[in-house]
1. State whether the residues of the range 19-33 include one that is assigned to a strand (DSSP E or B), touching a residue at least 60 places away in the same chain (Cβ under 8 Å) and not β-branched (Val, Ile, Thr).
2. For the range 26-47, what are the residues that are away from the ligand (no atom under 16 Å from the Cβ), exposed (fewer than 12 other Cβ atoms within 10 Å of the Cβ) and under 18 Å from residue 249 (Cα atoms)?
3. I'd like to know if the range 193-214 contains one or more residues that are of a type outside the set (Gly, Ala, Ser), part of a strand (DSSP E or B) and open to solvent by less than 20 Å² (accessible area, probe 1.4 Å).
4. If we scan the range 186-199, do we find a residue that is in contact (Cβ under 8 Å) with a residue 12 or more places away in the chain, within 11 Å of the ligand (Cβ to nearest atom) and among the small types (Gly, Ala, Ser)?
5. I'd like to know if the range 144-158 contains one or more residues that are in contact with a strand residue (DSSP E or B) (Cβ under 7 Å, 6 or more places away or on another chain) and within 27 Å of residue 96 (Cβ to Cβ).
6. Out of everything in the range 215-229 that is of a type in the set (A, V, I, L, M, F, W, C) and over 13 Å from the mean Cα position of the chain (by Cα), what residue ends up being surrounded by the most Cβ atoms within 10 Å (Cβ to Cβ)?
7. So which residues in the range 143-159 are under 18 Å from the mean Cα position of the chain (by Cα) and open to solvent by 60 Å² or more (accessible area, probe 1.4 Å)?
8. Inspect all residues belonging to the range 36-49 and state whether any of them is in contact (Cβ under 8 Å) with a residue 40 or more places away in the chain and out of contact with any Phe, Trp or Tyr (no Cβ under 6 Å at 6 or more places or on another chain).
Amino acid sequence: MSSSLTQLIDDLATGRVRVVDLTQPLGPETPVIGLPEIFAPSPPMTIETISRYDERGPAWYWNTIHLGEHTGTHFDAPVHWVSGRDLPDNTTDTLPPHRFVGPACVIDVEAEVERDPDFLLRPEHIEAWEAEHGRIPAGAWVLLRTGWSRRTDPTAFINADDDGPHSPGFHADASRLLALERDVTGVGVETIGTDAGQAGGFDPPFPNHAIMHGAGKLGLASLCNLDQLPPTGAVVIAAPLKIVDGSGSPLRVLALVAG
Ligand code: MN
């Protein structure tokens, strides 16, 4: 019997479909988002050895990890934001798993971000992308390719000055267009969170979080290798840990890419 899955297995075996890892390494050096001091901070990741083939466990190696849910390459569930707190199936353990798999639409704004680290994606950028690549389908993961993941130095990744962090993101009108008019599954970014560095001062504050999660949409932060994806045609697999009542989780994000 033939099916798209038997074809996929064959294509994976022969390399006609590649698996691209969109995930950053996760460790104590992983940058964590900074908030004004009046708010509780998320700690850096710590990792302690339980045993490593030693007197604590002669034949086995394992670690204890301690980290915030929103550390490194991670998933944002709708319950993460107050706008999404009363939605059904809004946590990492209750979101239906079919939502974790979907087509990628990759919007390349590397040139714009090169000129302006505070670049915001606006509806006109989305409409220009659609004129070239077709309408963003319902259920898409919209991935914002900014080149930001090439900033491997944590200071350059956060890119803060006296005004706070400077990194690209979404204008509120773009988030509304994607969430409400395109019915996307969510957005993914290369930066530390799905809002721009300066978004704490926007109206509403952190508009992408407020709008996306208020509409039940998902988020992916600190992605990499988006330059290995075509504008359309890739499939993203982004399944968070099934943390009970979780607001998000670190995860491994994969993309299936033809060719
Ligand atoms: Mn987050």
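1. Residues of the range 19-33 assigned to a strand (DSSP E or B): 19-21, 23.
Then drop every residue that is not touching a residue at least 60 places away in the same chain (Cβ under 8 Å), which leaves 19-21, 23.
So of that shortlist, the ones also not β-branched (Val, Ile, Thr) come out as 21.
Yes.
2. Residues of the range 26-47 away from the ligand (no atom under 16 Å from the Cβ): 27-29, 36-38, 46-47.
Keeping just the survivors that are exposed (fewer than 12 other Cβ atoms within 10 Å of the Cβ) gives 28-29, 36-38.
Of everything in the range 26-47, those that are away from the ligand (no atom under 16 Å from the Cβ), exposed (fewer than 12 other Cβ atoms within 10 Å of the Cβ) and under 18 Å from residue 249 (Cα atoms) turn out to be 28, 29.
3. no
4. yes
5. Yes, the range 144-158 contains at least one residue that is in contact with a strand residue (DSSP E or B) (Cβ under 7 Å, 6 or more places away or on another chain) and within 27 Å of residue 96 (Cβ to Cβ).
6. Among residues in the range 215-229 that are of a type in the set (A, V, I, L, M, F, W, C) and over 13 Å from the mean Cα position of the chain (by Cα), the one surrounded by the most Cβ atoms within 10 Å (Cβ to Cβ) is 229.
7. Residues of the range 143-159 that are under 18 Å from the mean Cα position of the chain (by Cα), as a first pass: 143-152, 154, 157-158.
150, 151, 152 - these are the residues of the range 143-159 that are under 18 Å from the mean Cα position of the chain (by Cα) and open to solvent by 60 Å² or more (accessible area, probe 1.4 Å).
8. Step one: filter the range 36-49 for residues in contact (Cβ under 8 Å) with a residue 40 or more places away in the chain, giving 36.
Narrowing the set further to residues that are out of contact with any Phe, Trp or Tyr (no Cβ under 6 Å at 6 or more places or on another chain) leaves 36.
Yes, the conditions are met somewhere in the range 36-49.
The values are calculated or read from the model by the stated rules, or taken from the named source; none is laboratory data. Worth saying up front: this structure is predicted, and the values here are computed from it rather than measured. Neighbour counts run over all protein chains shown; Cβ positions are idealised from the backbone, glycine included. When the accessible area is computed, the model is the full protein with side chains, heavy atoms only, and any ligands, DNA or RNA have been set aside. Shrake-Rupley method; radii C 1.70, N 1.55, O 1.52, S 1.80 Å.
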